[in-house]
Amino acid sequence: MIEINLLPGAGRKKSSRQSVDFGALVAGMSGRMRDKFMIAAVVGVVVGVGATAGLYYTQDRQEAALEVRKDKAVRDSARYANFLRDRYHAEAVRDTLLRQVNIIRSLDEDRYVWPHILDEISRALPQYTWLTLVGAAGVPQGGNNVVVTPKVAEDTSAAAKKRARPPKRLDTDIPKDAILVRLMGRTVDIQALTRFMTDLEASPYIVNVQLDKSELAVDQGKEVTQFQLTLGYSRPDTSMLRRVPLSLSVK
């Protein structure tokens, strides 16, 4: 049987499936890519990724180099710590021996203090002048105990340990007592007293000659000038000292 469709516009139903037009899609994207803002965004992303990768690579290399340097520094620190400990021990032994030598030298130099003083006083004593007293003045001698090793104060605080400072050195200098001498005497000539003081000042072993008092007195019915002097002993340079053996001839 033959059917004839007499309705205008009536025909075959369209298919529900629609095909994708790839050409139009590519054309739309190329049009968008031509937009300057889109280009800038893409370039920024690419630059950011490249910079991140470069920084990661650079930091990785720096970390490896720092690790190598740290290991070398730790080894050097251990080696130098042992070296410094041996050096401080050697310096402590040296300072101890040097202090002992200086003590012996100081005692040897001060053996001739009073012979020098008496010799200079006898040399400078003028005529018609005599002494009634020669003795030590001021603080007693031997107040400084030079034999005992002085204590070295150590800083045990946490900050000092952190600084790792070297230990304090032992003082090798030997303190010496100041020696003062008091002279009492009499003279019949006041100018002789002035000359006596001048000659004492010229001695390399005597300094700071001071006249404590001067007054008139009577000795065996004669008028004399009684005086009192205080003077200090000066330790001269060892190059000025000349030691000779003492000898006594027996007849």
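Bear in mind that the values in this text are calculations on the coordinates, not laboratory data. All figures in this text were calculated on a predicted structure; none of them were measured in a lab. Reconstructed Cβ throughout: ideal geometry from the backbone, glycine too, with neighbour counts over all protein chains shown.
A few remarks follow.
- Gain on full stretching of the segment that runs from Arg87 to Arg69 - 0.36 nm per residue minus C-alpha separation: 3.9 nm
- For segment 175-191, 3J(HN,Hα) per residue [Karplus equation, 6.51 cos²θ - 1.76 cosθ + 1.60, θ = phi - 60°, Hz, x = Gly/Pro]: x, 10, 6, 6, 10, 10, 10, 10, 10, 10, x, 9, 8, 9, 10, 5, 5
- Over all projection directions, the Cα-based convex hull of segment 188-234 averages an area of 3.3 nm².
- Summarising the amide proton neighbourhood of Val224: residues at separation of 5 or more, or on other chains, whose placed amide H is nearer than 5 Å comprise Ala217, Val218, Asp219.
- Cβ-based net charge around Asp199, under 13 Å, with every Lys or Arg adding one and every Asp or Glu removing one: -1
- Separation in nanometres of the label points that stand 7 Å from Cα toward Cβ, at Thr230 and Tyr56: 8.9 nm
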